[in-house]
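Here's the structure we're looking at; comments come further down.
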Amino acid sequence: MICAETERLILRSWKPEDLSAFFDMNRDKVVMRYFPMLLNYSQTDAFYNRIQSEFDRKGWGLYAVELKSTGAFIGYVGLHEIGFDADFALGSVEIGWRLAADYHNQGYATEAALKVLELAREHGLTTIYSFTAVVNKPSERVMQKIGMSKTGEFDHPNLAEGSPLRRHVLYRMEFRPEKV
């Protein structure tokens, strides 16, 4: 099911046939360089099932992203309920993205994220967060391009002390929901 479209992209529900490309993406060292580990097939399958469950429960989630020109699945961009405990986090909603390496640096994450922010407003959400490891400058740049404001930094509670990925930047966006 198509949830939204941009000039070049379709944001849609996930299909079982996305799983193979999703697995390849989650074990790609370039894609996962700012994450603590590569994901194996069972971890990717569990993640896929969590994504499906969140859509069932919330009506929104991490949308599969497809190129209009080819129909290729290129990753995800969407909303996710934050599941770790930090001052801002537990129960809050984040916007996030992960695209296959061949689709980096082409504006796809920014294009899709702007559309996802519109969807967030339509769902009545008023505050959206985004965060990433301090060293992940490409994702931080997307946060800036979509109009989010940096509110600080924090140590991610699920990452060990000493991890080069532990320190995170935190961005936030607030808006009034659209009347439906």
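No lab work stands behind these numbers, since they all come straight from the coordinates. Values in this document were obtained by computation on a predicted structure and should not be read as measured data. All Cβ positions, glycine included, derive from the backbone under ideal geometry; neighbour counts span all protein chains shown.
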Checked segment 110-180 against the a/c 1.5 cut and the a/b vs b/c comparison, axes a ≥ b ≥ c from its Cα gyration tensor; verdict prolate
Quick one: dipole size for segment 2-174, taken about the Cα centre, charges +1 on Lys/Arg Cβ and -1 on Asp/Glu Cβ, in debye to the nearest 20.
340 debye
Estimated FRET transfer efficiency (Ser149, Thr126; beta-carbon r; R0 25 Å; 0.05):
0.95
Which one, Met143, Ala4, Val77, projects farthest toward the positive side of the charge dipole computed for the chain from Cβ point charges (K/R +1, D/E -1)?
Met143
By a straight-distance test (C-alpha under 21 Å), which lysines pair with Lys29 as possible cross-link partners, with residues fewer than eight away in the same chain excluded?
Lys137
Can you give the helix-only mean residue ellipticity at 222 nm for the chain, where every DSSP H stretch with n ≥ 4 adds -39500 (n - 2.57) and the sum goes over all residues, rounded to the nearest 500 deg cm²/dmol?
-9000 deg cm²/dmol
Got a sec? Charge dipole of the chain, +1 on Cβ for Lys and Arg, -1 for Asp and Glu; which of Tyr129, Ser13, Gln106 is way out at the positive end?
Gln106
What is the dipole size for segment 1-45, taken about its Cα centre, with +1 at each Lys and Arg Cβ and -1 at each Asp and Glu Cβ, in debye to the nearest 20?
160 debye
What number, in percent, do you get for the relative contact order of the chain if the mean sequence gap of Cα pairs under 8 Å and at least 6 apart is divided by its residue count?
18 percent
Using a cut-off of 16 Å between alpha-carbon atoms, which lysines can reach Lys115, once sequence neighbours fewer than 8 places away in the same chain are excluded?
Lys68, Lys145
Tail weight of P(r) past 23 Å, computed on alpha-carbon pairs of the chain, percent
39 percent
13 Å Cα-Cα reach of Lys150 towards aspartates and glutamates, excluding residues that sit fewer than 8 places from it in its own chain
Glu140, Glu174
